[in-house]
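Working notes, structure below.
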Amino acid sequence: MTATFLRKPPGTRPRRPPWEEPPSPLGQGAKAVLLSLLVLSVLFPLWVILVTSLSSRETIAAAGGLVVVPRGIDTSAYETIFAGGAVTRALWISTLVTVIGTTLALTVTVLAAYGLSRPRSLGYRWLLAYFLLPFLIYPPLVPKYLVVTGLGLKDTIWALILPPAISVFNLVVVRGFFQGIPSELVDSARIDGASDFRTLTQIVLPLARAVIAVVGLFYAVSYWNVWFDALLFIDRNDMYPIQRVLQSYLLAGQAPNTSGAAVGATMPPTEAIKMAVVVLTVAPIVAVYPFIQRHFVKGVLIGAIKG
Amino acid sequence: MTVREVTAEAGSDQTRPGGVAPRRRRLPLRTRLRRDWQLLAMVAPGFVILLIFSYLPILGNVIAFQDYNPYVGSNPLDAFVQSNWIGFGQFQLLFADPAFWHAFRNTLAITAFQLVFFFPLPILLAIVLHSLLSSRLRGFIQTVVYLPHFFSWVLVVSFFVAMFGGAGLLAQTMREAGMEPWNVMTNPDTFIILVTAEAVWKDVGWGTIVFLAALSTIDQNLYEAAAADGAGRWRRLWHITLPGLRPVIVLLLILRLGDALSVGFEQFLLQRDAVGRQASEVLDTFVYHFSIATGNYGYGAAAGLFKAAVGLCLILAANKVAHMLGERGIYSRS
């Protein structure tokens, strides 16, 4: 359970070991250029998209499309979007899918991970094989489509929520973490008469906050990002999640539907609205991710890569 | 990785040293049930979800041997019961279909291309990141480069359209400079480079995590001893760092080979209309278009089953090769 292997203890300044030769300026320069380019390749598009979404018609016309240097802030694109219409509805549906889906998937995964963490329990080997096999064999597309539609889930949010409600990878990560908890802790709780449910909620879960946060992020992101399942299972366009709407505006070339805007009001430029939809799709991920990112190594690697 | 750990555990139950140890006293089923019923109850929800959404579809693969007609019954199960069995008919049609082989070749070409131009990049980036002394700087760079991994493919492609598309920033700048803008998003000839660039942008940072963890487990004394013996920077990289990463590299290669016939389904489906079928049709999009999009379910299921069977063979074969080379692979029969 050495969680600190990537982080140096605080206070000790990292120092080049004495036997290592001093760095060559060429090597250092190449490294700096490479890493700056990489960081820029992520931050620059985000910047351009954010700035364009907040630009006025004049700024966009002057720049010829996308805006790199901001001139003033114009929130009319966002106002138009939030006045109602397809994007607002899609954001609600995606939020609903993400919240319900993540809660359900985390519950199912944590329960299964705990249930599979004790090697001497009844049916352990069979159950473990049962849960791990889908890791090697994916559910095939066509029969999966027939099963979901046959259950009558088409055009409901459950078609997006239920099929991915347990991911074997996440199960393996959580289970790995549970098995790393010193068995004395769990055993003593059980000797004191705590049931398995109680041991899980009062002993194990408080220790597993980091791994739960990371796996929760994985689930939340995958529910927020759901696109293909929506293409398969959602035909009604008033049930579209946000990624389907984003695709229809940016990739399929449909004009943004801004039916909620007051008739006769001057419409904000299409470019700004498109980019505002991108910003609204990215925003939840960028907002949540930095808080959970520091747990990645601690939470995931210990669970997933033992040995 | 954990498959191995699991099989090792499962194996240890059976092997008793020397075979003289007394058989472990088995409690009667009822006692074990009373002791473990809560664990079983915990497993139940996941069990049901996998049963319905993984195992049932896997069994449903049998429609690949049918002339499945969704309209003969009131629901898919009824339609399944009433459809005619035609044996390997769908497969015969499939193997005679030039469009299928075209998708197959495209898939393999893209896998091979990405194996060369994508696979090594996270390793290199991890080595560079690991060499940074300032943990703060490294943390910042990691935060930024991991981020695109969490973007959906719709977003990633949208970003590329915004930057490199016909109305994108690059075309805009080139027009201003009086040049003929190129539109890489709709050019079938460079499509393979485009999809690889997208994949790299999305996942090169994320891919370093595993390698960074492996790098931090390499014994620092090895480097010191090598330096004392006069090995330079590059020799240490070659003789210490890369061998230290070897098990992880082999593991990921096996997994990649097992997935050789899957190359980012959503990514290709999203860009299929922009560049056309010729360049962008891969096996997964083929399955989708020839089943759900056109209603020919049995045919699509046959293509999907073929792909799954080849994939399983590939991963077992790659694992076998890894064993012969003395690596541990994804699972071992220990």
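Every read-out reported here was derived from the displayed coordinates using simple, explicitly stated rules and does not represent laboratory data. Just so it is clear, the model here is predicted, and its values are computed rather than measured. Cβ placement follows ideal geometry from the backbone for every residue including glycine, while neighbour counts extend to all protein chains displayed.
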For chain B, what is the mean residue ellipticity at 222 nm derived from helices alone (per DSSP H run of n ≥ 4: -39500 (n - 2.57); sum divided by total residues; nearest 500 deg cm²/dmol)?
-21000 deg cm²/dmol
Span-rule helices in chain B, defined as complete DSSP H runs reaching 18 Å or more along the axis (Cα) with Kyte mean at least 0.5
B:29-50, B:98-117, B:191-216, B:242-258, B:297-324
By how many nm would the segment from B:ASN69 to B:ARG34 lengthen if fully extended, with 0.36 nm per residue of separation less the alpha-carbon distance?
7.9 nm
Mind running the shape call on the stretch B:93-324? Use the C-alpha gyration tensor, a ≥ b ≥ c as the square roots of the eigenvalues: rounded below 1.5 for a/c, prolate if a/b tops b/c, oblate otherwise.
oblate
Among B:ARG136, B:ARG272, B:ARG256, determine the one that fluctuates most according to a GNM of chain B built with springs between C-alpha atoms less than 10 Å apart.
B:ARG136
Could you tell me the calculated FRET efficiency between B:LEU124 and B:GLU180, based on Cβ-Cβ distance and R0 = 41 angstrom, to the nearest 0.05?
0.75
Contour minus end-to-end for A:ALA252 and A:ARG71, with contour as 0.36 nm per residue of separation and end-to-end as the Cα-Cα distance?
62.2 nm
Remind me, relative contact order of the stretch A:28-74 in percent, using alpha carbon pairs under 8 angstrom and six or more residues apart?
34
Residue exposure sequence - B:MET42, A:MET239, B:MET179, A:MET275 - by fewest surrounding Cβ within 10 Å
B:MET179, A:MET239, B:MET42, A:MET275
For chain A, set up a GNM with springs between Cα atoms under 10 Å and report which of A:ALA276, A:ALA194, A:ALA159 has the largest fluctuation.
A:ALA194
Take the Cα of B:ARG26, step 7 Å along the line toward its Cβ, and report every residue of the stretch A:116-145 whose backbone nitrogen sits under 15 Å from that point.
A:120-126
The simple spin-label model distance between A:TRP92 and B:THR217, using points 7 Å out along Cα→Cβ, in nm, is 5.0
Per DSSP helix of 4 or more residues, -39500 (n - 2.57); summed, then divided by the residues of chain A. What does that give at 222 nm, rounded to the nearest 500?
-18000 deg cm²/dmol
Excluding same-chain pairs closer than 8 in sequence, count the lysine pairs in the protein assembly as shown whose Cα atoms lie under 25 Å apart.
11
Counting Lys and Arg as +1 and Asp and Glu as -1, each charge on the Cβ, what is the dipole of the protein assembly as shown about the Cα centre in debye, to the nearest 20?
2520
Going by how many other Cβ atoms sit within 10 Å of their own, how do B:ARG246, A:ARG16, A:ARG294 line up, fewest first?
A:ARG16, B:ARG246, A:ARG294
Rounded, prolate or oblate: pick one for chain A, where a ≥ b ≥ c are the square roots of the eigenvalues of its C-alpha gyration tensor, a/c under 1.5 means rounded, and failing that, prolate if a/b is larger than b/c, else oblate.
oblate
So how strong a dipole does the stretch A:75-307 carry about its Cα centre when Lys and Arg Cβ are +1 and Asp and Glu Cβ are -1, to the nearest 20 debye?
580
Whose amide H sits under 5 Å from the amide H of B:GLN66, counting only residues 5 or more places off or on another chain, with H placed in the peptide plane?
B:ILE86
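Enumerate the helices in chain A for which the Kyte-Doolittle hydropathy averages 1.0 or more and the C-alpha atoms extend at least 30 Å along the helix's axis, using complete DSSP H runs.
On the way: long enough: A:25-53 (41 Å, 1.75); A:86-115 (42 Å, 1.49); A:270-293 (34 Å, 1.57).
Sorted by number, the helices that extend far enough and score high enough are A:25-53, A:86-115, A:270-293.
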Using a Gaussian network model of chain A with C-alpha springs under 10 Å, which one of A:ALA83, A:ALA113, A:ALA32 is most mobile by mean-square fluctuation?
A:ALA32
Averaging sequence separations of C-alpha pairs under 8 Å and six or more residues apart, then dividing by the length of chain B, give the relative contact order as a whole percent.
26
In the protein assembly as shown, with Lys and Arg counted as +1 and Asp and Glu as -1 at Cβ, which of these residues, A:ALA165, B:TRP101, A:ILE93, has the Cα nearest the positive end of the dipole, that is, farthest along it?
A:ALA165
Ranked by Cβ crowding within 10 angstrom, fewest neighbours first, how are B:SER280, A:SER55 ordered?
B:SER280, A:SER55
